[in-house]
Structures are given as structure tokens and as C-alpha cells.
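Only one structure is covered here, and it is reproduced in the block below.
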Amino acid sequence: MRVETTVPLNDWRAIAAVAARAEEAGFDGLVSAEIQNDPFIPLAFAALATERIQLGTAIAVAFPRSPMVVANLAWDLHTESRGRFVLGLGTQVKGHNERRFSVPWTAPVPRLREYVESLRSIWRAWQTGEPLAYEGEHYRFTLMTPEFSPPANELPPIPVTIAAVGPAMLKLAGRACDGVRLHGFATRAYLEQVALPQVTEGLAAAGRDRASFECWGGGFVATGADAAAVQKQIEEIRYRVAFYGSTRSYHGVFAVHGWEELGLKLHQMSKQGRWNEMAREVPDEVVQTFAAVGTYGELSKAIEARFGGVTDSVALGFPASTPAGLVREVVQDVRRIPCAFRAFPGRRASA
């Protein structure tokens, strides 16, 4: 199994040291998220401080950005990292697109499909010099001159992964992308009964190989040096389950377990602005179902039980005071868990 960790998003001066330590500890990847900060810039600092580790957005919100803008950002990060960048995209929900980003909302699956297709069309034009000619319902790119075309390179293609929760988006991931970024708000039962069958159907429809397609995440991890540290993370996950569970778009996950009433209650509380009270409504059973839970010594078994045979990559974080040797030991234990993913097209499988 692949193990990734995050880069600091609000302290650029800390990124180089954190990235170098992660590479030394044996992590497979570094990822950045779009929450309070831009997800692309931190990876530029990480690229210059490392040589081996994979770099990726997990995720960048797609629709507020033109595919041309994202194509340039991804191309530069891929080039400067010598082929180590993976573009992770997500749609966000309607309310955030319309009210936070002030962009129109349309059916997300066909629009994201065109987004991915247009990115690859732009990159192909830069790489081969062929005319840029992408015309869809949502995006149209037909102008590219030599002055605005980055030089071609000999690097493998830029992998594109997408975040997916619902069946149609999961199927799109398998059919048109190089991987799926499964939401943390997922249980093993949801992945087995809903997510993976849709991904598999998409892969089969496109005649694609599962070994070159990455399934990332799909749950939470609560760990630490002792029981008190683990319990602290459990409480943080309880809050996150409540936060995501208050959004109706995610209630299909609750439905697999018959927890629809909990979802409706959390949604109503969010509408009332009772954010600080919602976590108390999430029982221990629910938290344990969403997460792999265990101290560092127990973690590999907990992750294998929760994620093994279902997903290929997990993200782990450690306090800065954790001894480097302990981090390396835990990472290597988790990396020994078997998974289906080997490498993206054009890349070598990691050792």
C-alpha cells in the first residue's frame, strides 16, 4: 500500500524541510488540499526540496479555474519535479461553486468529463505540436500559438485523478481518469457495495487496467503514540463525520448503514448554525466504522482491516516531535500491505 502525507499549506518556509523529511522517511507521496490556501504553490517548494517523492493536489477545485490555467500549473509542476506531479481535481458542491466561488453550476459529471478531456487535449498540443482542437458543450479550446506553448518534454503523461462520492462520478473516474480520490467520508461497506463496483464498471467500459489506476483514501485514520493521543484523533474524526454528514450530498454513505436519520438531524442542525453541537450526535460506533483506529504499533493491522483490498493509498500524519525512526518504521509497516495499484501509465512501480 502507498503512504502519503501532507505539506504545510500556511507556512511556505517550512515546506522544504517537511518535504525532505517525508522523502527520507519513505513516504510515497506528498499532497496538498484546497481548504484555506492555494493547493498548487506549496508543491512547488516541495518539488525543489525532493528528488523521488510524488507530489499531488488532493484536491484542487476545478470549475472556478479554466482548464487552460490548470493545464499550465500542472505542466510547470510536472516539469520542475521531473515528472512527479499528479493532478487531483474535485467539483465541490453546488453551494460553494455558486456562493463562494461565484461560478455557474451545471451537472458536474459531464462537465468534469470535458474538463479532463480538454486538459489532455491542451497537453497533447504542447507535447506534439498538433493543433489545439477541443470543442465540447462546456469547454472550447481552439487557439494555441508557439509563443504560448511550453516546450515539449520526455516525461510520462500527467496523471489526472478526481474526487468522487456518488455512483456517476465514480464511474467517470474509472472510465476517463487515472485514479479516484475517495472522500474521507466513506466506510468500508460503502466502498465495497457502491464505490468500487462503479469504478470497476468504468474501467471495464474503457478497457483499462486496474493496476494502472489508483484508489486513494476512503476513510479516516486515528493513531498516535498512546491511547490518549488516539482518543484525541477520534474526537477530531467525530467532528469531521458530523461536518460532512450534515451535507445531503453525502447521505448515501449513511444510507448503506441505515443511518439516514442521523444525516437528516445533522443537516437540520447545520441549517440552525449549531456547528459546535453536531459532533456530540455522532456515536462511537459510527466513528469506528469510518476510521482505522490504533496506536502506532497497532496501525498497520488496523489499516489492513479497514482499507486492505479496497484502496491503494492512505494518508498519515505525525506530530513534529515523533522520532524519525519511528515514522519510518510505521510507514514501512503500512507499505507492506498488498494493493492492486502498481504505477500510473509511463511510470515505474515504486519499490
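Tell me the helices (runs of 4 or more DSSP H) entirely within segment 1-115 that contain at least 1 residues that are within 27 Å of PRO338 (Cα to Cα), in contact (Cβ under 8 Å) with a residue 60 or more places away in the chain and open to solvent by 50 Å² or more (accessible area, probe 1.4 Å). Can you show your working first?
Details: elements: 12-25, 41-49, 67-80.
Qualifying helices (runs of 4 or more DSSP H): 12-25.
Residues checked against (1) open to solvent by less than 10 Å² (accessible area, probe 1.4 Å); (2) of a type in the set (Gly, Ala, Ser); (3) at pLDDT below 95; (4) not in a helix (DSSP H, G or I):
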site	(1), (2), (3), (4)
LEU155	no, no, no, yes
THR161	yes, no, no, yes
LEU172	no, no, no, no
ALA204	no, yes, no, no
TRP216	no, no, no, yes
Selection count, segment 215-232, where residues are in contact (Cβ under 8 Å) with a residue 60 or more places away in the chain and among the polar types (S, T, N, Q): 1
Just give me the residues in segment 182-202 being touching a Cys at 6+ places or on another chain (Cβ under 9 Å) and either hydroxyl-bearing (Ser, Thr, Tyr) or assigned to a strand (DSSP E or B) (or both), in sequence order. LEU182
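Just to be sure, is GLY309 in contact with a Cys (Cβ under 9 Å, 6 or more places away or on another chain), surrounded by fewer than 20 Cβ atoms within 10 Å (Cβ to Cβ) and not in a helix (DSSP H, G or I)? Write out each step before concluding.
Values: in contact with a Cys (Cβ under 9 Å, 6 or more places away or on another chain): yes; surrounded by fewer than 20 Cβ atoms within 10 Å (Cβ to Cβ): yes; not in a helix (DSSP H, G or I): yes.
So GLY309 passes the test.
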Which condition breaks for LEU316 when tested against (1) open to solvent by less than 50 Å² (accessible area, probe 1.4 Å); (2) more than 28 Å from PHE27 (Cα to Cα); (3) in contact (Cβ under 8 Å) with a residue 60 or more places away in the chain? (2)
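Is it true that ARG124 is under 26 Å from the mean Cα position of the chain (by Cα), within 27 Å of THR311 (Cβ to Cβ), at pLDDT 95 or above and open to solvent by 70 Å² or more (accessible area, probe 1.4 Å)? Give the derivation first.
Values: under 26 Å from the mean Cα position of the chain (by Cα): yes; within 27 Å of THR311 (Cβ to Cβ): no; at pLDDT 95 or above: yes; open to solvent by 70 Å² or more (accessible area, probe 1.4 Å): yes.
Against the criterion (under 26 Å from the mean Cα position of the chain (by Cα), within 27 Å of THR311 (Cβ to Cβ), at pLDDT 95 or above and open to solvent by 70 Å² or more (accessible area, probe 1.4 Å)), ARG124 does not qualify.
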Looking at segment 237-258 only, could you name the residues that are surrounded by 21 or more Cβ atoms within 10 Å (Cβ to Cβ) and in a loop (DSSP other than H, G, I, E, B)? SER246
Of the residues that make up segment 265-286, is at least one within 20 Å of GLY217 (Cβ to Cβ), surrounded by 12 or more Cβ atoms within 10 Å (Cβ to Cβ) and either touching a residue at least 40 places away in the same chain (Cβ under 8 Å) or in contact with a helix residue (DSSP H, G or I) (Cβ under 8 Å, 6 or more places away or on another chain) (or both)? yes
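Kindly provide the set of residues from segment 259-293 that are at negative phi and not in a helix (DSSP H, G or I), ordered by number.
Taking segment 259-293 first, the residues at negative phi are 259-272, 274-293.
Those that are at negative phi and not in a helix (DSSP H, G or I): TRP259, GLN272, ARG274, VAL282, PRO283, ALA291, ALA292, VAL293.
The values are calculated or read from the model by the stated rules, or taken from the named source; none is laboratory data. Keep in mind that what you see is a predicted model, and the values were worked out from it rather than measured. FYI the Cβ positions are ideal-geometry reconstructions off the backbone, even for glycines, and counts take in every protein chain you see. With ligands, DNA and RNA removed, areas are computed over all heavy atoms of the protein, side chains included. Shrake-Rupley method; radii C 1.70, N 1.55, O 1.52, S 1.80 Å.
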